[in-house]
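J.: Below are the structure tokens for one structure; questions will follow.
The numbers here are math on the coordinates, done by the rules we state, and not lab data. Since this is a predicted model, take the numbers as computed values, not measurements. Cβ: placed from backbone, ideal geometry, glycine included. Neighbour counts: every protein chain shown.
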Amino acid sequence: MPNFVAGWFAPKEAEAAGALPVRLGGRGSFSASTTPAQVKGFDQPLVWVTVALLLWGLVMVYSASIAMPDNPKFTFYSHTHFVTRHAMSMMVAFVAALIAFQVPVQTWERLAPWLFVVSLVLLILVLGVGRGVNGAKRWISLGVMNFQPSELAKFAVLLYASDYMVRKMEVKEHFFRAVAPMAVAVAVIGLLLLAEPDMGAFMVIAVIAMGILFLGGVNARMFFLIAAVIVVAFGLMIAFSEWRRERIFAYLDPWNDKYSMGKGYQLSHSLIAIGRGEIFGVGLGGSVEKLHWLPEAHTDFLLAVIGEEFGLVGVVAVIGMFLWMTRRIMHIGRQAIALDRVFAGLVAQGVGVWMGFQAFINMGVNLGALPTKGLTLPLMSYGGSAILINLVAIAVVLRVDYENRQLMHGGRV
């Protein structure tokens, strides 16, 4: 029997065929289906944008790091060392993302407090046995890769804050009962991160927690009070830290002789790279700044190399992809909340806040709009643990979308 019985069928014939009569525009229309509706398992455009960012990032990591072995510091590395490690990290992250997608959102909700505790333990551990790089102890060596606990902390705080808001939904209008415990948890994480030091990760975690509290329905006046307290706290940290103050002064005037060869060196060469790219860039592989002029070109300042080699067009394309991704993830979160899946919705929107804010900070630093901060460009910059946790977070969002689709088509999760 065909899927749809045409509207010109006689009512009795249609009823005999098993169709239900519907009146449309004064005419009888009948439809029947012998097969269930087809449900797409996940948001395919979101997957393809993620894959595009990953592959473009892989190409740019190779381009930005190919000349690094010419530096005496990396003389024993091959020209493909960084891109090979990055590709291996992507494969490990892809397997982890596939596993994460299989985990129901309800299970993530049960695991949230435990993951938060694990992240705390690792942040304490890294202060003792962590591997130091440029004066910061942020990595735990696992042999095949260096794991950065602060990346796991972002994901753990995201889950914990979402679970916390669901549990505190009835008292969200009461500041001390609803907000104070979460503020204490974030403060503990912050103290551990500042001890590494890693102020950039602390900023991202604070914004994730604040975003989830706001999206969870915390009183607006309380939210702005929290925001003001955090801004004042960061201001005091900068005021009482000489090297952080120097970064701010260098950001305000990177061309000053006092800063151009010191704190303002990265920013000034990032601006030179983007300026050389003009509209269409100098071409893939043609960057000059990556030839030992721009430090961390394959990590924090990857966008500067993109700007030099692909020009304004490339930078706008990257910004557009992250903007679309953030908007799409937020839409998935709103959809989950509309289906009365508050935890799932807050998790998805938290990932959107995370990806959008970190990309915004990294881009702002590269373009000279924000002070220099050690934050990578999500999904694109070199870094095994960052790629791993970013893909797991995207996989959880895809799981939220998958369960949304199942519910909207009459299924169960």
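J.: Roughly how big is the chain's charge dipole about its Cα centre, with Cβ charges of +1 (Lys, Arg) and -1 (Asp, Glu), in debye to the nearest 20?
T.: Computed charge dipole of the chain: roughly 760 debye.
J.: Between Phe42 and Ser260, what length in nm is gained on full extension when 0.36 nm per residue of separation is reduced by their alpha carbon distance?
T.: Residue separation times 0.36 nm, minus the Cα-Cα distance, leaves 73.6 nm.
J.: Taking the simple approach of a point 7 Å from Cα along Cα-to-Cβ for both Arg177 and Ala239, what is their distance in nm?
T.: 3.5
J.: Roughly what would the spin-label model give for Ala136 and Ile99, points 7 Å off Cα along C-beta, in nm?
T.: Distance between the two pseudo-spin positions: 2.7 nm.
J.: Further, regarding this structure: Kindly express, to the nearest 10 degrees and within the range 0 to 90, the angle between helix 220-239's C-alpha long axis and the longest C-alpha principal axis of the chain.
T.: 20
J.: Measure nothing fancy, just the Cα-based angle from helix 242-252's long axis to the longest principal axis of the chain, in degrees from 0 to 90, nearest 10.
T.: Here the helix axis deviates by roughly 70 degrees.
J.: Something else: Rounded to the nearest 500 deg cm²/dmol, what is the calculated helix-only ellipticity per residue at 222 nm for the chain, with -39500 (n - 2.57) per DSSP H run of length n ≥ 4?
T.: Computed ellipticity for the chain at 222 nm equals -21500 deg cm²/dmol.
J.: For the chain, with a Gaussian network of springs between Cα atoms less than 10 Å apart, report the residue from Leu194, Leu123, Leu379 with the top mean-square fluctuation.
T.: Answer for the Gaussian network model of the chain: Leu194.
J.: Within the chain, how many lysine pairs that are 8 or more places apart, or on different chains, have C-alpha atoms less than 29 Å apart?
T.: 19
J.: Sticking with this structure for a sec: Take each of the peptides 323-336, 92-105, average the number of other beta-carbon atoms within 10 Å over its residues, and list them starting from the highest.
T.: 323-336, 92-105
J.: How much net charge surrounds Leu111 when only other residues with a Cβ under 14 Å from its Cβ are counted (Lys, Arg +1; Asp, Glu -1)?
T.: Neighbour charge sum, excluding Leu111 itself: 0.
J.: In the chain, if the dipole is taken from +1 on Lys/Arg beta carbons and -1 on Asp/Glu beta carbons about the Cα centre, which of Ala195, Ala64, Leu53 is farthest to the positive end?
T.: Ala195
J.: Return the single residue from Ile212, Ile389, Ile66 with maximal mean-square fluctuation; model: Gaussian network over the chain, springs between Cα atoms under 10 Å.
T.: Looking only at Ile212, Ile389, Ile66, the largest GNM fluctuation is found for Ile66.
J.: Rank Pro181, Pro72, Pro149 by mean-square fluctuation in a GNM of the chain with C-alpha springs under 10 angstrom and give only the top-ranked residue.
T.: Highest fluctuation among the options: Pro72.
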